[in-house]
Structures are given as structure tokens and as C-alpha cells.
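Right, one structure below, let's go through it.
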Amino acid sequence: MDNVPFYASGLDFTCKRCSACCRFDSGFVYLSEKDLAGLVSALKMERSGFIKTYCKWVSDWNGNNVLSLKEKNNKDCILWEDGCIVYKARPLQCVTFPFWESIVASSKAWAMAASGCPGINTGELHTKNEIEANIKQRSSEPIISETLNETGNI
């Protein structure tokens, strides 16, 4: 028997633009090369200046040092000022929320995410194929690791 995901019939989600996923709670927004290029372009900055101003190196779930956006002292994303200052160029991690592998792993994980996001379980129905395309896209864009930094590519 196939392992049918709980979201096989799709999941409802429409962003309410409440910014709850961008504020008030500590977390990491990991950046791929594509993310970084878009952010640098949106803010019309040099790459090294953007990294110094807006990023930090953090340990990921495998113990690798990877590039993440900083957060303010109040836990808001560094790019949040009465809304996302780079909304059209926001990182893929932000674009694909809440269709992350960890959130759609189980109905329990989905319900837990819904407790902090008023857009989950409301609005537009997203199909199983759409959800899995989001997951696949995130895994196809590797997060920048410090190894690249050591070779001079950052």
C-alpha cells in the first residue's frame, strides 16, 4: 500500500499578511544563491555589504554553518519594517510557507503551524501536486554553506 500523505486531497491556505511568520518568534531564514542575488538586487547593495548587514552564519540541522537572515532584538525578521521591505524578492523559504516538508509531514505538524498562522486552513485550496512542487523547489536550491565562504565564493 502506498504511503498516502494527509494532504492528498489538498490543503487550504491564503496568506492574511498578518506577518506572524516574520515577527515575534526566533527562527532562521536560510538563503540560497538565488535568494541572496534577489535580495542584493532588491536593496541595490553589494553582495558583501548585504551579508555583513543582514546575515549571519548559523548551524543547521546537520551541524553545517549556513547563511541565514539576522533577526532584530525583538525577534522580528531583519527585513521587516511595517511589512516586508523586500516582499517581491523575499526568500523562497518565505514564499513557500507553510508548504515546508516539516509542516506537511503530518496532520499534527500542520495543526501546530495553524495555531500560529490565521491563513492555514482558510482560503485557497492547494493541491497535493502544488504542495509537493513547493517542497521540491526548496530542496533544489541549496542553502549557502560556509564552505563556499572559505573558497571565496561568498
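Could you list, in sequence order, all residues of segment 97-114 that are under 25 Å from Ile78 (Cβ atoms) and surrounded by fewer than 18 Cβ atoms within 10 Å (Cβ to Cβ)? Give the steps one after another, and end with the answer.
Initially, segment 97-114 is screened for residues under 25 Å from Ile78 (Cβ atoms), giving 97-103, 113.
Within segment 97-114, Trp100, Glu101, Ser102 qualify.
Is it fair to say Gly63 is touching a Lys or Arg at 6+ places or on another chain (Cβ under 9 Å), open to solvent by less than 70 Å² (accessible area, probe 1.4 Å) and not acidic (Asp, Glu)?
On the way: touching a Lys or Arg at 6+ places or on another chain (Cβ under 9 Å): no; open to solvent by less than 70 Å² (accessible area, probe 1.4 Å): yes; not acidic (Asp, Glu): yes.
For Gly63, the condition - touching a Lys or Arg at 6+ places or on another chain (Cβ under 9 Å), open to solvent by less than 70 Å² (accessible area, probe 1.4 Å) and not acidic (Asp, Glu) - is not met.
Considering only segment 115-134, I want to know if a residue exists there that is buried (at least 17 other Cβ atoms within 10 Å of the Cβ) and part of a helix (DSSP H, G or I).
yes
Quick check on Glu101: is it of a type in the set (Asp, Glu) and within 22 Å of Thr122 (Cα to Cα)?
yes
Anything in segment 73-103 that is touching a residue at least 60 places away in the same chain (Cβ under 8 Å) and not in a helix (DSSP H, G or I)? List them, or say none. Write out each step before concluding.
We begin by selecting, within segment 73-103, every residue touching a residue at least 60 places away in the same chain (Cβ under 8 Å); these are 80, 83-84, 91-94, 97-99.
Listed by number, the residues that qualify are Trp80, Gly83, Cys84, Pro91, Phe97, Pro98, Phe99.
Of the numbered conditions (1) closer than 29 Å to Gly10 by Cβ; (2) open to solvent by 80 Å² or more (accessible area, probe 1.4 Å), Lys75 fails exactly one; give the number of that condition.
(1) is the only condition that Lys75 fails.
Based on what the data block shows, is Lys44 open to solvent by 40 Å² or more (accessible area, probe 1.4 Å), more than 30 Å from Pro5 (Cα to Cα) and at pLDDT 95 or above?
For Lys44, the condition - open to solvent by 40 Å² or more (accessible area, probe 1.4 Å), more than 30 Å from Pro5 (Cα to Cα) and at pLDDT 95 or above - is met.
Being in a loop (DSSP other than H, G, I, E, B) and either open to solvent by less than 70 Å² (accessible area, probe 1.4 Å) or under 19 Å from Val66 (Cβ atoms) (or both) is the filter here, so list the residues in segment 16-39 that pass it.
Correct list: Cys18, Ser19, Ala20, Cys22, Arg23, Ser26, Gly27, Phe28, Val29, Leu31.
The values are calculated or read from the model by the stated rules, or taken from the named source; none is laboratory data. Since the model is a prediction, treat every value here as computed from it, not as a measurement. Ideal geometry is used to build each Cβ from the backbone, glycine not excepted, and the neighbour counts take in all protein chains shown. Just so you know, the surface numbers come from the protein's heavy atoms only, side chains and all, with ligands and any DNA or RNA stripped out. Shrake-Rupley method; radii C 1.70, N 1.55, O 1.52, S 1.80 Å.
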